[in-house]
Amino acid sequence: MSFRPASLSEALLIRKTNDVMVYCGGSDVMIKYRSWSGTPAQFPKDVLYIGHLKELKSIDVNDFEITIGATVSYAQFLQDERIPIEYKKPVEQIGSVAIRNIGTFSGNICNASPAGDTLTMLYALNAKVIVASTVGKREIAIENFITGPGSTCLKNDEILTHIIIPNQKFSHTYYYKVGTRKANAISKVSVFAVADVVEHRVTDIRIAVGSCGPTVIRLKEAEAKIIGSNTSNIESMIYSLLTMYDDKIVPIDDVRSTKVYRSKVALNLIETFLVKELGQ
Ligand SMILES: Cc1cc2nc3c(=O)[nH]c(=O)nc-3n(C[C@H](O)[C@H](O)[C@H](O)COP(=O)(O)OP(=O)(O)OC[C@H]3O[C@@H](n4cnc5c(N)ncnc54)[C@H](O)[C@@H]3O)c2cc1C
């Protein structure tokens, strides 16, 4: 059976009273539960479709936050001129035009793949998610919401309704995704990093690495070591910084790549950001 609620409150009631799988854009679930060619997908439980819910289809931008509704597609995000272009870079490289027309941040987050391409940006920008149920809402930091590969702390009666990104400006923003080809490629490795440099001194820095561990990796100890440094000194610190990252980067071998390749490339990308981008 499938449900198509008329409102968010109806969706939450259905979620509370039925054992259902939330279906937003469907670009992950249709692959996960695909069946033989020409036959419908075989879902393990009833489906709650929310992709049409207007209440969750807007993006709000103010001086402090960018709030993205759960049913906002990547295409809608990319078309919004209020969104800083730096934040569009990871989204521009997701899938293909067709996938970006249906795929959503909320699906990418709830799918909780370590290779999810919005996740490095959301971790680096200290994003939060809002989840709702019939009894209220919870606001959860992204790194607490995702608890492992494919797992989150979302409860059975909850729906992720919004993603909140602090609307902060940075002097440096860096994104690099390594995939097998330019379109429709799941990341082998990706890095999203931001920094603020004031008069050659680093006042803020966050580096998030994707596809290199059970969840996105951010090393706050390494970031704390860099904050306060003069950019001209970063090259001399690079060996000890990369050693810290090397200890925490724990990729796997899979169909897309090897752990040796992933580690090497991740460290190269971090070095490029620290030495070439910040050191200039
Ligand atoms: C050809 C192809 C290429 C792709 N390329 C990329 C890529 O380059 N990078 C990348 O990161 N991903 C890629 N993907 C994966 C997918 O498109 C993304 O993860 C997308 O963001 C999923 O969003 P969705 O709305 O379609 O999720 P859905 O498939 O609807 O849902 C995904 C999961 O999240 C849950 N869910 C969805 N929304 C909510 C909600 N609001 N509340 C609670 N639970 C929810 C669902 O129950 C399900 O478990 C690709 C997929 C395909 C088919």
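Please tell me if Thr120 is β-branched (Val, Ile, Thr), open to solvent by 40 Å² or more (accessible area, probe 1.4 Å) and more than 18 Å from Asp60 (Cβ to Cβ). So Thr120 fails the test. Taking segment 74-85, which residues are within 15 Å of the ligand (Cβ to nearest atom) and either open to solvent by less than 20 Å² (accessible area, probe 1.4 Å) or touching a helix residue (DSSP H, G or I) at 6+ places or on another chain (Cβ under 6 Å) (or both)? Answer for segment 74-85, where residues must be within 15 Å of the ligand (Cβ to nearest atom) and either open to solvent by less than 20 Å² (accessible area, probe 1.4 Å) or touching a helix residue (DSSP H, G or I) at 6+ places or on another chain (Cβ under 6 Å) (or both): Tyr74, Ala75, Phe77, Leu78. Restricted to strands (runs of 3 or more DSSP E) entirely inside segment 123-184, those with at least 2 residues that are away from the ligand (no atom under 13 Å from the Cβ) are 136-141, 146-148, 159-166, 172-178. One residue alone among Val198, Val189 is of a type in the set (Val, Ile, Thr), closer than 27 Å to Val260 by Cβ and outside the structural domain of Lys89 (by TED's automatic domain parsing), and that residue is Val189. Counting only residues that are among the small types (Gly, Ala, Ser), over 22 Å from Pro149 (Cβ atoms) and not in a helix (DSSP H, G or I), segment 233-280 holds 1 of them. Counting only residues that are near the ligand (Cβ under 6 Å from one of its atoms) and outside any helix (DSSP H, G or I), which one in segment 86-114 is surrounded by the most Cβ atoms within 10 Å (Cβ to Cβ)? Among those that are near the ligand (Cβ under 6 Å from one of its atoms) and outside any helix (DSSP H, G or I), it is Thr104.
In the set (1) surrounded by 13 or more Cβ atoms within 10 Å (Cβ to Cβ); (2) more than 14 Å from the ligand (Cβ to nearest atom); (3) in contact (Cβ under 8 Å) with a residue 24 or more places away in the chain; (4) under 25 Å from the mean Cα position of the chain (by Cα), the condition left unmet by Tyr23 is number (2). Scanning segment 32-55 for residues that are within 13 Å of the ligand (Cβ to nearest atom) and over 16 Å from Asn101 (Cα atoms) turns up Lys32, Tyr33, Arg34, Ala41, Phe43, Pro44, Lys45, Asp46, Val47, Leu48, Tyr49, Glu55. Within segment 1-13, the residues that satisfy the criterion of being under 27 Å from the mean Cα position of the chain (by Cα) and surrounded by fewer than 17 Cβ atoms within 10 Å (Cβ to Cβ) are Arg4, Ser7, Ser9. Consider segment 56-73 and keep the residues that are of a type in the set (A, V, I, L, M) and farther than 16 Å from Asn108 by Cα. The one that is nearest to the ligand (Cβ to nearest atom) is Ile59.
The values are calculated or read from the model by the stated rules, or taken from the named source; none is laboratory data. The structure displayed is predicted, hence computed values, not measured ones. Using ideal geometry, Cβ is built from the backbone for each residue, glycine included, and neighbour counts are taken over all protein chains shown. Note: accessible area is taken over every heavy atom of the protein model, side chains too, but ligands, DNA and RNA are not part of it. Shrake-Rupley method; radii C 1.70, N 1.55, O 1.52, S 1.80 Å.
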